[in-house]
Every structure is written in structure tokens, then in C-alpha cells.
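Following: one structure in C-alpha cells, then a few remarks.
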Amino acid sequence: MQILDGKKTAQDLKNEIQAEVSKMKAEGKREPHLAAVLVGNDGASLTYVGSKVRSCEQVGFQSTLVRLEDSISEEALLEEIAKLNADRSIDGYIVQLPLPKHINEERILMAVDPVKDVDGFHPSNFGKMALEMQAFIPATPFGIVELLKRYQIDIQGKECVVIGRSHIVGRPISILLSQKGEVGNATVTLTHSRSKNIEQLTRKADIVISALGIPEFLKADMVKDGAIVIDVGITRVPDETHPKGYRIKGDVDFENVAPKTSFITPVPGGVGPMTIAMLLKNTLLASQWR
Ligand code: GUN
């Protein structure tokens, strides 16, 4: 069993991005600039956005955090989006999800200028991605692909089962892994809450990608010997013995599943850091593509 070390791989990526930024600056170009919109005070979202902004500093990007009240109207948020679209100093930006219930998420994401949509959530980018055209690829699936690539894991012709059909992870990764390409050509099955006998499918799979958000859902008897397991889950589970009062749990019963696998991502330190690194990568691309 080998751990797919997302923390180390993300650091390698950040070093490469930092070197690229230094080169850009030496050529008299401006450093890439990422903005993040955070509506409200959700604890997890605050942590993620904080981490994204800190990572920008690490690689020499400029960053801007736009914090808005929970009570902001949809119209006022759309005005903020219009400002970011018009601001020529900003290469790319994200709107942290989830948004408050009174705001129509789809309407907001549709308003983001696709050339600044470094999350790859706009239909224009999602469609281009699905058609194998140049596009921003959502950071989490992009990070999974990059991790597999850097560990030289050959997935051609392999049976891959994805659990979860979210627009952010499950759906795009299922598309990417079935496409032609270096990390591609897999036979992908996309499973979800209405799928029957998920465990029968995972038991036959060469690769299992779980993006479900149910702690320790994937048990040892659900994977075959030598499988590759990618855990996208990051759920906060209350734990009074921890200083923060919670612990982060993945979708995989790591302790019992790991010994059966050939490769597995840990939580934390697997897919999470890769997601942030790929957001930086997309921002670098945004500054180069404009
Ligand atoms: N919420 C959970 N994951 C993400 C992400 O990748 N981007 C944004 N904007 N919000 C998220």
C-alpha cells in the first residue's frame, strides 16, 4: 500500500507555480490576482477561503477577499459579481459555496465571466471541459487527475467507480477519467443515492473515488485487494477531545481499507491540499490566457 501524498504533491505544485510567478515578474509582467467572495460566516467556508488566500501569498499571487453579509440580496451579490467581472486587475475569482438559501446559486454562477471562472463552475467551462476543449477544470477533479498523473498511475481500461454525482466533483471526475488522455480511458460508473448495490460495484472496481460526504462510508469489505482509493470526503465530526471541537473525517474507513489497497489518499492531506493547488494553477492559467 502506498499513500498518495496530496500535501507533498500540492507543495511541489505550489513551488512550480511560485517559480512561474517569479519568471513572470522578471519579464515585467504583473503577478496573478485571485479574488474570493465569501457570503456569511459558515465555519468550514471560512477555513477553506482562508486557506485559499494564504496559499496565494505563498506563491506570490495577489489576493482579495470580498466578505459579504449573510443577509445580502441576490441583486446586491450580482452587483458585486459585475464589479469583479469589470475589474481588470483581477485575473480570476471564486464564489465560495454554499450560498445562503435565499440566493439562487445557479443565477450567481451564471453571472461569473467564464474567462475569470477559475472554479470551472460556469456552464461554458463545464461544457468545454466535457467536449475536451481548453477550459477551467473544477479544482477538486483537476487535483485528483494531477495526483494520479504525478504518481504515474495508469488508469487506461481500468474499472472506475465514482460515488456521488455533485456538479463540483462526482460528475466532472466521471467525465474526465473516461476521456482520452494521459490520465483517462477508464471505464467509469457513476453511482449516487439512488444506485442499487453500490458495494457490488465497488467490490469489482480497480479505482474507487468517493465524493459522498458520509464519514467512513467505504468499508474494507467494499473494496477489492489492490484497489486504488481516492477519498474526497471532508466532514467535520464533533470531537470534544480535539482543540477545535471537531475532527475531519473522510468517506473511507481508512484504518481498515488502506491495507487492502495499492494506493490510497489520506484525509486530511490527500485531495484537500490538491484542490487548493489546482485553484492556484487555474488562476495562473487565467492570467496567461487573457
Ligand atoms: N465549496 C466546496 N467546494 C468548493 C469549491 O471548490 N469552490 C467553491 N467556490 N466553493 C466550494
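The values are calculated or read from the model by the stated rules, or taken from the named source; none is laboratory data. Every value quoted in this text rests on a predicted model; they were computed, and no experiment measured them. Positions of Cβ are backbone-derived with ideal geometry, glycine not excepted, and every protein chain shown enters the neighbour counts. To get the accessible areas, we keep the full protein, side chains included, count just its heavy atoms, and leave off ligands, DNA and RNA. Shrake-Rupley method; radii C 1.70, N 1.55, O 1.52, S 1.80 Å.
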*Any chance residue 156 is buried (at least 16 other Cβ atoms within 10 Å of the Cβ) and at pLDDT 95 or above*: no
*Given the structure, is residue 189 within 16 Å of the ligand (Cβ to nearest atom) and hydroxyl-bearing (Ser, Thr, Tyr)?*
no
*asked:* Just to be sure I understand the filter: pairs with C-beta atoms under 7 Å, separated by 6 or more residues or on different chains, first member in the stretch 261-290 and in contact (Cβ under 8 Å) with a residue 60 or more places away in the chain, second member away from the ligand (no atom under 16 Å from the Cβ) and hydroxyl-bearing (Ser, Thr, Tyr). Which pairs pass?
replied: 263/151; 271/265; 274/9
*asked:* I'm checking my understanding of the structure. Among residues of the stretch 251-270 that are within 16 Å of the ligand (Cβ to nearest atom) and open to solvent by less than 10 Å² (accessible area, probe 1.4 Å), which one is nearest to residue 215 (Cα to Cα)?
replied: 251
_Kindly evaluate residue 116 against the criterion of being within 14 Å of residue 228 (Cα to Cα), within 18 Å of the chain's Cα centre (by Cα) and at pLDDT 95 or above._
no
*asked:* Quick test of your reading of the structure: residue 177 fulfils all but one of (1) without any contact (Cβ under 8 Å) to a residue 40 or more places away in the chain; (2) open to solvent by 20 Å² or more (accessible area, probe 1.4 Å); (3) in a helix (DSSP H, G or I). Name the failing condition by number.
replied: (2)
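Quick check, is residue 132 among the acidic types (Asp, Glu), assigned to a loop (DSSP other than H, G, I, E, B) and touching a Gly at 6+ places or on another chain (Cβ under 9 Å)?
The answer is yes for residue 132.
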*strands (runs of 3 or more DSSP E) wholly inside the stretch 1-109 that include at least 3 residues being within 16 Å of the ligand (Cβ to nearest atom), over 19 Å from the mean Cα position of the chain (by Cα) and surrounded by 14 or more Cβ atoms within 10 Å (Cβ to Cβ)*: 62-68
*Would you pick out the residues in the stretch 135-144 that are free of Cβ contacts under 8 Å to residues at least 40 places away in the same chain and farther than 20 Å from residue 110 by Cβ?*
141
